[in-house]
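Take a look at the structure below.
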Amino acid sequence: MDVSEFSPDASGTANARALQRAVDQGGTIHITRPGVYRIAATIHVGSQTALIFGPGVILQKTAEAGPFTYVFLNKGALTKTHDENILIEGLHLQVNEQDVPRWDIPGLRGQVAFFCVRDLIIRRFRCYDLGPQQFCIHVCTFEDLVVEDVIIHGKKDGVHLGSGRRFRISHGVFKTFDDAIALNAHDYDTANPELGWIEDGIVENCHDLTAEHTTGFFCRLLAGGWTDWRPGMQVQKSDTVISQGRLYRVCAQPDGRIYTSSTAPTHPQGTVERDGISWVMLQETVCYHVGVRNVVFRDITLHKPRIGFAYLFDDDRFSRSVYPGVQPPSQDNIRFENITVTHAEPVPLLHITTPADVIRVDRARLRHNPIVFTNRTPDFDLGPTHLSLTNCTFTAAGGFALVKVEVTPKRLALRTAGSIVTDPTFRAIIEDDTGAIAVDSDLPGLGPR
């Protein structure tokens with residue numbers, strides 16, 4: 001495809017026009033001349049398109065024509081029409097301080113953003129200057145997604161996923177202030193354009209690098225649940241309701257304000273205000289519960305002293321994942337294989353605040369990294385959990401709180417087998433006040449009880 005007008009010597013506006021013309025023709029576009037190419041507008045990518053950037057090619061986001069949100073966006077995102085068979089390979093993106101907190105599509109906030117897409121591959125991606133507002137790669141409502149060979153440094157989420165199925169994130173190196181990877185089936189009203197299960201995935205061969213400051217997790221698994229609209233119900237920012245076969249969400253400031261809804265949202269699209277509440281029509285695919293299920297994490301190295309994996313419900317002024325009185329969803333069949341912790345801080349490997357049926361940890365190498373069960377909303381019944389740790393290596397000395405249960409009641413069946421202990425003084429401890437834990441363990445300090 002001819003992109004002769006796309007040049008390191010051209011303006012960002014001229015480059016955006018030239019690249020868009022090439023992309024509009026579909027097919028495979030090769031950019032091979034090394035250099036920094038300014039881009040001053042969103043490139044809209046359609047189906048059956050491959051963009052391949054050679055070594056030394058850098059795309060620099062510029063504001064010469066005014067600020068804009070997305071560097072790349074699929075064409076169907078604007079109309080909720082699926083695009084398919086898209087490849088972006090070799091992209092080295094310079095955000096260049098163009099971190100724009102304005103979402104042209106409500107909830108979609110990636111520098112590289114795809115919404116309603118099938119068969120998407122992002123490969124050999126680099127970004128070293130991610131800002132504090134926009135996610136780096138943001139994909140929602142997808143099928144068959146591959147994100148591989150990525151290096152992302154910066155202040156916001158590296159790879160942020162919403163609703164979708166069949167995905168692989170592999171060979172990733174992350175140095176992010178916020179989450180390296182977010183699997184957010186539920187989310188803030190400003191952080192995903194649709195809600196739905198995230199399922200059938202693999203996250204493998206990734207490193208979470210240490211940095212001076214941190215928040216978030218290596219991977220967040222965020223679930224939620226809501227109910228049908230009813231007159232007089234009280235809602236806050238990010239609450240979701242079902243009305244006339246559609247999902248609607250409250251768009252508001254994160255000020256903790258509670259609104260009383262007397263008029264049902266019924267509009268077919270966009271945002272409409274009722275009773276002082278701004279309702280955005282989210283989607284016509286109705287569901288009452290969402291979460292993460294059937295996902296494998298393997299060959300992960302955690303260098304950064306923060307929680308590795310968090311099963312979460314939000315419950316704050318930005319969002320409450322589960323509407324009061326709704327039974328929370330369970331995040332099931334999550335497996336962790338060959339997880340290595342290199343830092344020395346006593347932060348949890350797993351932090352679990354949602355129901356989960358079975359959690360399997362195999363071949364992990366742990367230091368002072370417990371598995372913690374807690375509950376930010378005490379009226380939830382978190383149900384029973386089977387926790388299995390097999391062939392794991394424990395390097396701590398002295399007493400080690402392997403499992404901490406900070407929620408009552410919590411029914412837990414713990415089994416360990418094939419354990420390796422490197423220090424003769426090691427003793428595993430369970431911190432639990434419920435008395436409802438069944439243990440079958442080969443670890444010193446534990447045993448059948």
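See the values below:
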{"quantity": "Qualifying residue in the stretch 319-340 (condition: of a type in the set (Phe, Trp, Tyr), crowded, with 16+ Cβ neighbours inside 10 Å and part of a loop (DSSP other than H, G, I, E, B))", "calculated": "yes"}
{"quantity": "Selection count where residues are of a type in the set (Lys, Arg) and in contact with a strand residue (DSSP E or B) (Cβ under 8 Å, 6 or more places away or on another chain), scope the stretch 226-248", "calculated": "2"}
{"quantity": "Odd one out for Val272 among (1) assigned to a loop (DSSP other than H, G, I, E, B); (2) of a type in the set (Val, Ile, Thr); (3) outside the structural domain of Tyr188 (by TED's automatic domain parsing)", "calculated": "(1)"}
{"quantity": "Whichever residue in the stretch 386-404 is under 27 Å from Ser321 (Cα atoms) and crowded, with 21+ Cβ neighbours inside 10 Å and, among such residues, is nearest to the chain's Cα centre (by Cα)", "calculated": "Leu387"}
{"quantity": "Selection status of Ile58, aliphatic (A, V, I, L, M), over 26 Å from Asp119 (Cβ atoms) and in the same structural domain as Cys136 (by TED's automatic domain parsing)", "calculated": "yes"}
{"quantity": "All strands (runs of 3 or more DSSP E) inside the stretch 79-137 with 2 or more residues being in contact with a His (Cβ under 6 Å, 6 or more places away or on another chain)", "calculated": "110-130"}
{"quantity": "Criterion (in contact with a Lys or Arg (Cβ under 9 Å, 6 or more places away or on another chain), at pLDDT 95 or above, under 23 Å from Tyr323 (Cβ atoms) and part of a loop (DSSP other than H, G, I, E, B)) met by exactly one of Glu194, Glu199", "calculated": "Glu194"}
{"quantity": "Output for the stretch 307-318, where each listed residue is assigned to a loop (DSSP other than H, G, I, E, B) and hydrophobic (A, V, I, L, M, F, W, C)", "calculated": "Ile307, Phe313, Phe318"}
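The values are calculated or read from the model by the stated rules, or taken from the named source; none is laboratory data. The shown structure was predicted, so the numbers you read here are calculated from the model rather than taken from an experiment. For neighbour counting, all protein chains shown are included, and Cβ atoms are generated from backbone atoms with ideal geometry for every residue, glycine included.
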